[in-house]
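To start, the structure itself, in structure tokens.
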Amino acid sequence: MTAPGVAGTYAREEHETGFTAILLRLLRATPGAIGAALVDAEGEAVDYAGDRIEPFELKVAAAHWRIVLAEIELGALSKRGGATRRLSVETTRKVFVIDALPDGYALLSILAGDTATGGDADRALDVALRDLYVEAGWACPPDLFHWHEVDVKTGDGARPISVRSGKAWEAVRVIGRVATGLQQDEVGFRVGVGSEDCELTLVRGRDERWYADLPPESIQQPQEPTR
């Protein structure tokens, strides 16, 4: 159903759930994002987001890709190589990324065909997946995701001056600007905390949120050894 007066957008047909805001944040933070859908083991849509694609089409795509993921999970590839975590398929017009979640659930992300994926491009996806774990009450392995959302205070030129580690704020010094691996409208810095023993990369995403390549609890100034 097309929203009245808005060409090319589709109105939401269902009530929002606790997952809706997570999916919407993922779309806003990802250049080229078209839609995202969370499905269960049977391919039924639990929730979805994206007004650039007809909801029924999004749900059908998610169900189909869940079947493909299931076939891979039961096949020789997973038996020899281990549990399947992510399947990414690029076509001339779209990119389909489906992430396996606990209890047979999966998240499908649909992006424009020229969208960068993988590695540094998956900052927002890492955070969205972790948020889904929390919302669903799943136990999240501490080393499952590379990028983490963090709180950052900035100074002149929007350069980071401190980052929150747990309940404390740690002062940081900027070592340099990140020149590669950034998406459109992102800004990155390599920073140090305390001595040179702790360094991390901070990236301000296009959603104005900050991401770090270390979890917040690992960002701290090394303590002087006690005598």
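Using the alpha-carbon atoms, what tilt in degrees (0 to 90, nearest 10) does helix 55-73 show relative to the longest principal axis of the chain?
Between the helix axis and the principal axis of the chain, the angle is about 80 degrees.
Between 156, 126, 185, which gets the highest mean-square fluctuation from a Gaussian network model of the chain, Cα cutoff 10 Å?
It is 156.
Given +1 on the Cβ of Lys and Arg, -1 on the Cβ of Asp and Glu, and no further charges, what dipole in debye does the chain carry about its Cα centre, rounded to the nearest 20? Before the final figure, lay out the partial values.
Details: 25 positive and 36 negative charges, 109 e Å.
Using only the charged Cβ atoms, the result is roughly 520 debye.
Tabulate in residue order the Karplus-calculated ³J(HN,Hα) for the range 18-31, using 6.51 cos²θ - 1.76 cosθ + 1.60 with θ = phi - 60°, rounded to whole Hz; enter x for Gly and Pro.
x, 8, 4, 4, 5, 5, 5, 4, 4, 5, 5, 8, 10, x
Could you give the length gained on full extension between residue 197 and residue 134, defined as 0.36 nm per residue of separation minus the Cα-Cα distance, in nm? Numbers along the way, then the final one.
On the way: separation 63, 0.36 × 63 = 22.68 nm, distance 3.09 nm.
Full extension from residue 197 to residue 134 adds 19.6 nm.
Would you list, by chain and number, the lysines whose Cα falls below 22 Å from the Cα of residue 59, excluding same-chain residues fewer than 8 positions away?
94
So what is the relative contact order for the chain, in percent, with contacts set as C-alpha pairs under 8 Å and at least six apart? Display every interim value, and only then the final one.
Numbers: 405 pairs, mean separation 32.9, N = 227.
Over the chain, the number comes to 14 percent.
Only counting other Cβ atoms within 10 Å, I'd like 88, 109 sorted with the fewest neighbours first. Intermediate values should be presented prior to the final figure.
Values: 88 14, 109 27.
Starting with the residue having the fewest Cβ neighbours, the order is 88, 109.
Have a look at 33, 171, 139 and tell me which one the Gaussian network model of the chain (Cα, springs below 10 Å) gives the largest fluctuation.
139
By its C-alpha gyration tensor, with a ≥ b ≥ c as the square roots of the eigenvalues, how is the range 20-136 shaped: rounded for a/c under 1.5, else prolate for a/b larger than b/c, else oblate? Mind dumping the intermediate values first?
Details: a/c = 1.37, a/b = 1.29, b/c = 1.06.
Rounded.
I want to verify a result. In a Gaussian network model of the chain, Cα cutoff 10 Å, which of these has the top mean-square fluctuation: 36, 63, 158?
158
How do 16, 135 rank when sorted from fewest to most other Cβ atoms within 10 Å of their own Cβ? Please report the intermediate quantities before stating the final value.
On the way: 16 12, 135 15.
With the sparsest Cβ surroundings first, the list reads 16, 135.
Mind giving me the nanometre distance, one decimal, between the label points for residue 79 and residue 67, set 7 Å out from Cα along Cα→Cβ?
2.3 nm
How much length, in nm to one decimal, is gained on full extension between residue 103 and residue 46, taken as 0.36 nm per residue of separation minus their Cα-Cα distance?
On the way: separation 57, 0.36 × 57 = 20.52 nm, distance 1.32 nm.
Stretched out fully, the residue 103 to residue 46 stretch lengthens by 19.2 nm.
I'd like the Karplus ³J(HN,Hα) series for the range 162-175: coefficients 6.51, -1.76, 1.60, θ = phi - 60°, whole numbers in Hz, and an x wherever there's a Gly or Pro.
My calculation for the range 162-175 gives 7, 9, 7, 10, x, 9, 10, 9, 10, 5, 10, 10, 7, 8 Hz in order.
Whose amide H sits under 5 Å from the amide H of residue 170, counting only residues 5 or more places off or on another chain, with H placed in the peptide plane?
Residues meeting the amide H criterion: 163, 164, 165.
Tell me, 30, 20, 180, 115 in order of fewest to most beta-carbon neighbours within 10 Å?
180, 20, 115, 30
Values in this text are rule-based calculations from the coordinates and carry no lab data. Keep in mind that what you see is a predicted model, and the values were worked out from it rather than measured. Glycine gets a Cβ as well: all are built from the backbone with ideal geometry, and neighbour counts include every protein chain shown.
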